[in-house]
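Data block below; observations after.
The values are calculated or read from the model by the stated rules, or taken from the named source; none is laboratory data. Keep in mind that this is a model prediction, so the values were computed, not measured. Ideal geometry is used to build each Cβ from the backbone, glycine not excepted, and the neighbour counts take in all protein chains shown. For accessibility, only protein heavy atoms count, side chains too; no ligands or nucleic acids. Shrake-Rupley method; radii C 1.70, N 1.55, O 1.52, S 1.80 Å.
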Amino acid sequence: MPLDDDGQVRLQKLLAQSGVASRRKCEELMLAGLVEVDGEVVTRLGTKVDPRTAVVRVEGHRLPPMSPHVYLVLNKPRGVVSTMSDPEGRRTLGDVVADRPERLFHVGRLDTDTSGLILLTNDGDFAHRMAHPSYEVDKTYVAEVEGQVHRGTIKKLLAGVELEDGPVTVSRARLVEGSHGRTDRERSIVELVIHEGRNRIVRRLLDHVGHPVLRLTRTELGPVRLGGLQPGEMRELTRTELGSLLDRAQL
């Protein structure tokens, strides 16, 4: 986006080029008092801002700043190690994104035998903040487990479970599916939402209540959903997803 000599741009132009709406519609949003810059409502159409540093909100939603950084969501395949390189020669996240020109960091980790949503970025501050316990967001997992999970087990999970390294709080838990196959062993599919990211926490949690995990996938991280992304595929975060995460990371 071309900037003026003073490094700024008209606010309605920034909104339009960021994909909020047409220039005319963005002007209407400003006049209606629905646009904020650094916490102040802005209605004057000639207002200029620095798109690299201004905190802009439209109808309460954060508009990410203009930045050279990339923010990606990857569906990590099962068997891929959550590192960018591995001395043992195992397949890593670095191998999956080898065709990307940026030097990427992974945000947090997933166990090697766990698939699903993981974030990648070249923004070191963002990666550090999002992985720090103080800023951790809700994480949703879908687990295929041994045995039939009953309502009492779901209640036990929601009441909190004490593991050897401390208690675990489960925000939400539900039974997605259960089956009694003629030849297959009994199994169930459960969905859990937890806030923290201790090592192998979901597997240890479900094993503790008597249902060892057969397969595990992380499907959501805060506002970001895996959706139809296939294993090994990635996409950029949407403007809304990134804005929400920047707010949570206080960046």
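For the range 221-250, the set of residues classified as open to solvent by 20 Å² or more (accessible area, probe 1.4 Å) and farther than 18 Å from Asn75 by Cα consists of Arg239, Thr240, Ser244, Asp247, Arg248, Gln250, listed by residue number. Do you know which residues across the range 207-224 are outside any loop (DSSP other than H, G, I, E, B), under 17 Å from Ala173 (Cα atoms) and of a type outside the set (S, T, N, Q)? Once the filter is applied, which keeps residues that are outside any loop (DSSP other than H, G, I, E, B), under 17 Å from Ala173 (Cα atoms) and of a type outside the set (S, T, N, Q), the range 207-224 yields Asp207, His208, Val213, Arg215, Leu216, Arg218, Glu220, Leu221. Within the range 92-113, residues that are free of Cβ contacts under 8 Å to residues at least 60 places away in the same chain reach partners that are of a type in the set (D, E, K, R) and part of a loop (DSSP other than H, G, I, E, B) with beta carbons closer than 6 Å, at six or more positions or on different chains, in the pairs Thr92/Asp86.
For every residue, the table says whether it meets (1) closer than 23 Å to Thr112 by Cα; (2) free of Cβ contacts under 8 Å to residues at least 60 places away in the same chain.
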| residue | (1), (2) |
| --- | --- |
| Glu136 | yes, no |
| Thr153 | no, yes |
| Gly160 | no, yes |
| Val168 | yes, yes |
| Glu233 | yes, no |
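Can you find a residue that is surrounded by 13 or more Cβ atoms within 10 Å (Cβ to Cβ), under 18 Å from the mean Cα position of the chain (by Cα) and under 17 Å from Thr240 (Cβ atoms) anywhere in the range 72-89? Yes: one or more hits. With respect to (1) open to solvent by 20 Å² or more (accessible area, probe 1.4 Å); (2) in contact with a helix residue (DSSP H, G or I) (Cβ under 7 Å, 6 or more places away or on another chain); (3) aliphatic (A, V, I, L, M), the lone exception for Ala98 is condition (2). Quick check, is Val42 at pLDDT 90 or above and open to solvent by less than 60 Å² (accessible area, probe 1.4 Å)? It is true that Val42 is at pLDDT 90 or above and open to solvent by less than 60 Å² (accessible area, probe 1.4 Å).
In the range 199-220, the residues that are open to solvent by 30 Å² or more (accessible area, probe 1.4 Å) form Cβ pairs under 9 Å with partners that are polar (S, T, N, Q) and part of a helix (DSSP H, G or I), at six or more places apart or across chains, as follows: Gly210/Thr153. Taking the range 93-206 and the helices (runs of 4 or more DSSP H) fully enclosed by it, the elements with 1 or more residues that are more than 23 Å from Glu236 (Cα to Cα) are at 151-159.
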